[in-house]
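*Asks:* Take this structure, written in structure tokens, and hold onto it; I'll ask about it next.
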Amino acid sequence: EWLHTLLGPEGWPRVEAVRTERLPGSNPKVTQVYRAHLSFPAGATIPARTVIVKVPAEDSGDRTRHAAGHVYEREIGVYRLLGAHQGAWMARLYAAECDDQTGMGAMVIEDLGASAPSDGLVPPGSAGRVVAYLAQLHAAFWESPELAATAWLRGTENLDLWGDPPDLYAPGWRKLSKRRDMGDRLRRIGDALVTRLPAVLVPPLAALMTRA
């Protein structure tokens, strides 16, 4: 019933039954992510048989803390802001809701799982196209006046997504670089960049991610 409440106004037929599977990979302290397999009335025009559903964390304390920090509001806001760029490399936002009073939010997005490599490895050609796609997104919103209307966007007082100062990147990289599955070439690139990250990241983040 909840899915139909969200999807019905978007032109979807009534959802008669739902089977869900919880997906790994997300941060359980922030969100729960499910693949929902949907059943519809016979003969209905079906936009998709499966969708991805993201809802707040299971723990009430985690939910409340992240809602108070506008985490759910921001994610929904980003998907809505990038609506014209969705498809291909970015999942479409089918529907979302966010409570203005509590900050709790949930979203239903396109399931791109079928396009993921079965071995978990991304071919170099695909990785290159994703990078080019990201560059288009950055160019489209670089110092854009449109960002001034996004009240949910972080200000210059908190540029980093995790709220950590840039000088913490180096210790984080040293820990990450010890992974056995990391190639030598990537490790060398990371070692060369890590001391330059604050200078490389902060000015672009200020231009791209903030209102001021």
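*Asks:* With every protein chain kept in the model, how would you rank S26, S177 by accessible area, 1.4 Å probe, largest at the top?
*Replies:* The residues order as S26, S177, largest area first.
*Asks:* Let me ask something else about it. Can you give me the % of accessible surface on the range 50-113 that is carbon or sulfur? Probe 1.4 Å, all protein chains present, nothing else counted.
*Replies:* After summing per-atom areas, the C and S share lands at 49 percent.
*Asks:* Note the full-extension length gain between S60 and A132 as 0.36 nm times their separation in residues minus their Cα-Cα distance, in nm to one decimal.
*Replies:* 22.0 nm
*Asks:* In nanometres, what is the gap between the two model label sites at T5 and A42, each 7 Å from Cα along Cα-to-Cβ?
*Replies:* 3.1
*Asks:* Another question, if that's okay. If you project the alpha carbons of the range 1-73 onto their three principal axes, what span does each projection cover, largest first, in Å?
*Replies:* 44, 24, 16
*Asks:* Using only the alpha carbon atoms of the range 37-90, find the Kirkwood hydrodynamic radius as the inverse mean reciprocal pair distance, in angstroms to one decimal.
*Replies:* 14.0
*Asks:* Moving on to the next point. Evaluate the Debye formula for the range 1-150 with equal point scatterers sitting on the alpha carbons, no solvent, and hand back log10 of I(q)/I(0) at q = 0.10, 0.14, 0.18, 0.21 Å⁻¹, in q order, two decimals.
*Replies:* Debye curve over Cα of the range 1-150, log10 I(q)/I(0) at q = 0.10, 0.14, 0.18, 0.21 Å⁻¹: -0.42, -0.83, -1.27, -1.43.
*Asks:* Still on this model: Straight-line reach from K29: which lysines have a Cα under 22 Å away, not including same-chain ones fewer than 8 places off?
*Replies:* Cα-Cα hits under 22 Å: K54, K175.
*Asks:* R0 = 22 Å: FRET efficiency of A68 with E97, Cβ-based, nearest 0.05?
*Replies:* 0.80
The values are calculated or read from the model by the stated rules, or taken from the named source; none is laboratory data. Treat the numbers as computed from the prediction; the structure is a model and nothing was measured. As a convention, Cβ positions derive from the backbone with ideal geometry for all residues, glycine included, and neighbour counts pool all protein chains shown. SASA here: full protein model, heavy atoms, side chains in, ligands and nucleic acids out. Shrake-Rupley method; radii C 1.70, N 1.55, O 1.52, S 1.80 Å.
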